[in-house]
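Every number in this text was worked out from the coordinates using simple rules, so none of it is lab data. Just so it is clear, the structure is predicted and the values come from calculations on it, not from any experiment. Glycine gets a Cβ as well: all are built from the backbone with ideal geometry, and neighbour counts include every protein chain shown.
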Amino acid sequence: MKFFADTAEIADIKDLAAIGLLDGVTTNPSLIAKSGRDFKEVTKEICGIVNGPVSAEVVALDYDGMMREAAILRKIADNVCIKVPMTLDGLKACKALTGDGSMVNVTLCFSANQALLAAKAGATFVSPFVGRHDDNGFDGMELIADIRLIYDNYDFRTEILVASVRHGIHVLNAARIGADVMTAPPAVIKGLVKHVLTDKGIEGFLADWAKTGQTI
Ligand code: G3P
């Protein structure tokens, strides 16, 4: 499963890339606002750090506006992936942009039928929001399992990008189901390494090592 970082914070992106845990980045208007940076400038900088896709979201709601914004975003770097909303205009833009060789991420997916539409529109990625789905009394992972089943039934190539990931259980279940990608805040990704028995083990080994009086 590929790991994307759901952030526009450069320090975090560099950090994860250095550890080897970064296959791509996803941003959205809220994350750009949080970074306090100029959208195009920060997107360009992120694209220079990451080899994989960097999702940059359009804000227009109509097809022509989305295409206009996408043309600007595509010029930033070859690894920009245009993020469009799950609307009929978004799907139309998806079809046109992927037909023209761009990567497209169809975002704000909350149903398996929506994911089916994204695949039919030729999306590179579809982003089901598991955390927000859970928050509203639905089962985010059931949604991922449904999408996996449907995509496999018809051999759709659209990659399932599990988004709105809040904790390690989301990551674990996404991997169990066979999602292609998950995007999570850097803290969630780094938190996956933590285990109390690992910490305890290190502590015990170091205590025993100190008794030997040796150095390496
Ligand atoms: O990038 C989209 C998604 O990951 C947002 O997550 O935590 O705002 O629901 P969240």
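For the reader, a short list of remarks on this structure follows.
- Per-residue HN-Hα couplings for segment 20-30 [Karplus 6.51, -1.76, 1.60; θ = phi - 60°; Hz; x = Gly/Pro]: x, 10, 10, 9, x, 9, 10, 10, 8, x, 5
- Charge tally around residue 2: other residues with Cβ under 10 Å, Lys/Arg +1 each, Asp/Glu -1 each, net -3.
- Amide H contacts under 5 Å for residue 86: 107, restricted to partners 5 or more places along the chain or on a different chain, H placed in the peptide plane at 1.01 Å from N.
- With respect to the chain, whose longest principal axis is taken over its alpha-carbon atoms, helix 63-74 is tilted by about 40°.
- For residue 26, residues with placed amide H under 5 Å, excluding near neighbours: 5, 6, 7, 55
- Sequentially through segment 157-164, phi angles give Karplus couplings (6.51, -1.76, 1.60; θ = phi - 60°) of 8, 4, 8, 7, 10, 5, 10, 6 Hz, Gly and Pro residues having no value and appearing as x.
- Selection of trypsin sites (Lys or Arg not before Pro), segment 31-85, meeting DSSP coil and at most 13 other Cβ within 10 Å: 75
- Under 19 Å from the Cα of residue 200 - aspartates and glutamates, other chains or at least 8 residues apart: 208
- Reach of residue 120 by Cα under 13 Å, taken over aspartates and glutamates that are not fewer than 8 positions away in the same chain: 155, 159
- The aspartates and glutamates within cross-link reach of residue 14, meaning a Cα-to-Cα straight distance under 14 Å and a gap of 8 or more places when in the same chain, are 6, 23, 45.
- The trypsin sites (Lys or Arg not before Pro) found in segment 130-191 that occupy coil by DSSP, while having at most 11 further C-beta atoms within 10 Å, are 157.
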